[in-house]
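> Dumping the structure here so I can ask a few things about it.
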Amino acid sequence: MNTSLLLNRKPRVLILSASSGAGHVRAGQALEKAFRAQGHCDVAHIDSLQYVSKLFQRIYDKAYIHMVNRAPDLMGLLYQQTDKPWKHPRERLAMDRLNTGPMIRMLKKVQPDLCVATHFLPAEILAWLIAKKKLQARHVIAVTDYDVHASWLCRTVDRYYVAIQESAEYLARIGVPREKLCVAGIPIDPLFEQPADAAETRRKLGLSTNEFVVLLSAGGYGVGPVEQLVTDLVEVRKPWQIVAIAGKSEQLKKRLDSLAKSAGRNPSGQPRLVAVGFTAEMDQYMAAADLLIGKAGGLTTSEALARELPMVLVEPIPGQEERNADHLLEAGAAIRCNNLPAAAWKIANLTDQAEKLQAMKHAAHRMAKPDAARMIARDALELLH
């Protein structure tokens, strides 16, 4: 790149995510905020699945949710079978090139100075364009899980931003130069860097100020056995308030509203169950909660760590979620419930162990990287100089 061209204009930063699952897009949104806060670059964030063939988009967009709900074991098998570092990249690239013509044309036209990928599909296309000298740009990848699957691996990459030191060591051992590795954490909304008082946040959200608050997250798309778990938690009859986030699933929100009506109230007069639809205030709900129950997605768990929130991981999806769960369990920041019928009992038992909850809170604090997005934006822009 001719860096002298940047002297008379702001560098163009293009962030490329993909809406297969909510985490990649949320990471992109977090980075967009962080780059804008730097103040000396022009930033755009696109969903790369809007720049692929219509058939490929439908398959890619729906396949993740369908497999999570209908065939999680098959998803895990696929994850394991394709996790072969530096194997079959040409075959995968050939398939992706056939379906990403609009993305390739857009990138050639825009010619950004810095490309930031939060999903492996655009990362691969970017790497190919740079290798073929059809694109002159710095190329960085922000991995959105704690492990690094082989699909993230590209040859023409200037920086890998990974969540933990183990992932950096793994990449170094399989041939990625160490100078290209940075343990920055998974990029989350910069709002999570800001401290929040739990009592004040509860009052603002209309939650109980003197009872144990359990936050249950179904993720951005409302996947997982949320309804059954909420029902079981209500039946335990613990003096807690359950806040259930339905995500974008309107049907789940309606069912949770119905459950909330029949759940009644705690001795304090507060509702035992509060149902919440899609929200942009997860930082506030996590600040208000004493415990998070949910899936082991990279973004949700990184947000919880930033709020020093102990976690209960329920039936992690085979593949990346199981690997995420392993790291969180090893660090002591989470427990895992593999059997849904016993999950409510196990959660209730945990809430009776104040010392263990405090230890999990401390473990979350040690593992947290709330400033990941800001660190990535600052470091990536330095590559242009």
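> Which of the residues that make up the stretch 249-297 are polar (S, T, N, Q) and either closer than 27 Å to Val68 by Cβ or in contact (Cβ under 8 Å) with a residue 40 or more places away in the chain (or both)?
Passing the criteria: Ser249, Gln251, Ser258, Asn266, Ser268, Gln270, Thr279, Gln284.
> Can you find a residue that is at pLDDT below 95, of a type outside the set (Ser, Thr, Tyr) and over 17 Å from the mean Cα position of the chain (by Cα) anywhere in the stretch 291-298?
No, that holds for no residue.
> Only residues in the stretch 24-52 that are polar (S, T, N, Q) count as the first member; pair them with residues that are surrounded by fewer than 21 Cβ atoms within 10 Å (Cβ to Cβ), Cβ under 7 angstrom, at least 6 apart or cross-chain, and list the lot.
Gln29/His45; Gln38/Arg378; Gln38/Leu381
> Next up: Quick one: how many residues across the stretch 23-63 are assigned to a loop (DSSP other than H, G, I, E, B) and either touching a strand residue (DSSP E or B) at 6+ places or on another chain (Cβ under 6 Å) or under 22 Å from Lys248 (Cβ atoms) (or both)?
Residues in the stretch 23-63 being assigned to a loop (DSSP other than H, G, I, E, B) and either touching a strand residue (DSSP E or B) at 6+ places or on another chain (Cβ under 6 Å) or under 22 Å from Lys248 (Cβ atoms) (or both): 2 in total.
> Still on this structure: Those residues that are surrounded by fewer than 17 Cβ atoms within 10 Å (Cβ to Cβ) and among the charged types (D, E, K, R), I need them from the stretch 327-360; list them, please.
Answer for the stretch 327-360, where residues must be surrounded by fewer than 17 Cβ atoms within 10 Å (Cβ to Cβ) and among the charged types (D, E, K, R): Glu330, Lys346, Asp352, Glu355, Lys356.
> Further, regarding this structure: Output yes when any residue across the stretch 361-374 is crowded, with 20+ Cβ neighbours inside 10 Å and either in contact with a strand residue (DSSP E or B) (Cβ under 7 Å, 6 or more places away or on another chain) or on the phi > 0 side of the Ramachandran plot (or both), and no when none is.
No.
> Considering only the stretch 84-133, give the helices (runs of 4 or more DSSP H) lying wholly within it that have at least 3 residues that are out of contact with any strand residue (DSSP E or B) (no Cβ under 6 Å at 6 or more places or on another chain), open to solvent by 10 Å² or more (accessible area, probe 1.4 Å) and free of Cβ contacts under 8 Å to residues at least 24 places away in the same chain.
Result: 89-99.
> On to the next question. Name the residues in the stretch 1-42 that are modelled with pLDDT of 80 or more, exposed (fewer than 14 other Cβ atoms within 10 Å of the Cβ) and on the phi < 0 side of the Ramachandran plot, would you?
Lys10, Ala37, His40
Yes/no per residue for (1) aliphatic (A, V, I, L, M); (2) more than 24 Å from Asn338 (Cβ to Cβ):
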{"residue": "Val183", "(1), (2)": "yes, yes"}
{"residue": "Ile188", "(1), (2)": "yes, yes"}
{"residue": "Leu207", "(1), (2)": "yes, yes"}
{"residue": "Glu211", "(1), (2)": "no, yes"}
{"residue": "Val214", "(1), (2)": "yes, no"}
{"residue": "Val236", "(1), (2)": "yes, no"}
{"residue": "Trp240", "(1), (2)": "no, no"}
{"residue": "Asn266", "(1), (2)": "no, yes"}
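> Next question. Just to be sure I understand the filter: pairs with C-beta atoms under 8 Å, separated by 6 or more residues or on different chains, first member in the stretch 158-180 and of a type in the set (Phe, Trp, Tyr), second member part of a helix (DSSP H, G or I) and exposed (fewer than 15 other Cβ atoms within 10 Å of the Cβ). Which pairs pass?
Tyr161/Asp379
> Does the stretch 306-329 hold any residues that are at pLDDT 95 or above and out of contact with any Pro (no Cβ under 8 Å at 6 or more places or on another chain), and which are they?
Matches in the stretch 306-329: Arg307, Glu308, Leu309, Pro310, Met311, Val312, Leu313, Arg323, Asp326, His327, Leu328, Leu329.
> For Lys62, work out the one condition from (1) at pLDDT below 95; (2) under 17 Å from Met103 (Cα atoms); (3) of a type outside the set (Asp, Glu); (4) open to solvent by 10 Å² or more (accessible area, probe 1.4 Å) it doesn't fulfil.
Looking at each condition in turn, Lys62 falls short on (2).
> I've got another one for you. Quick one: in the stretch 302-322, which of the residues that are assigned to a helix (DSSP H, G or I) and not hydroxyl-bearing (Ser, Thr, Tyr) is most open to solvent (accessible area, probe 1.4 Å)?
Glu322
> Here's another thing I want to ask about it. Mind listing just one residue for me: the one in the stretch 346-379 that is assigned to a helix (DSSP H, G or I) and of a type in the set (Gly, Ala, Ser) and, of those, farthest from the chain's Cα centre (by Cα)?
Filtering first and then ranking leaves Ala354.
> Among the numbered criteria (1) open to solvent by 30 Å² or more (accessible area, probe 1.4 Å); (2) assigned to a loop (DSSP other than H, G, I, E, B), which single criterion is violated by Ala296?
Single failed check for Ala296: (1).
The values are calculated or read from the model by the stated rules, or taken from the named source; none is laboratory data. Only a predicted model underlies this, so the values are computations on that prediction, with no experimental measurement involved. Ideal geometry is used to build each Cβ from the backbone, glycine not excepted, and the neighbour counts take in all protein chains shown. These accessible areas exclude ligands, DNA and RNA; they are computed on the full protein's heavy atoms, side chains included. Shrake-Rupley method; radii C 1.70, N 1.55, O 1.52, S 1.80 Å.
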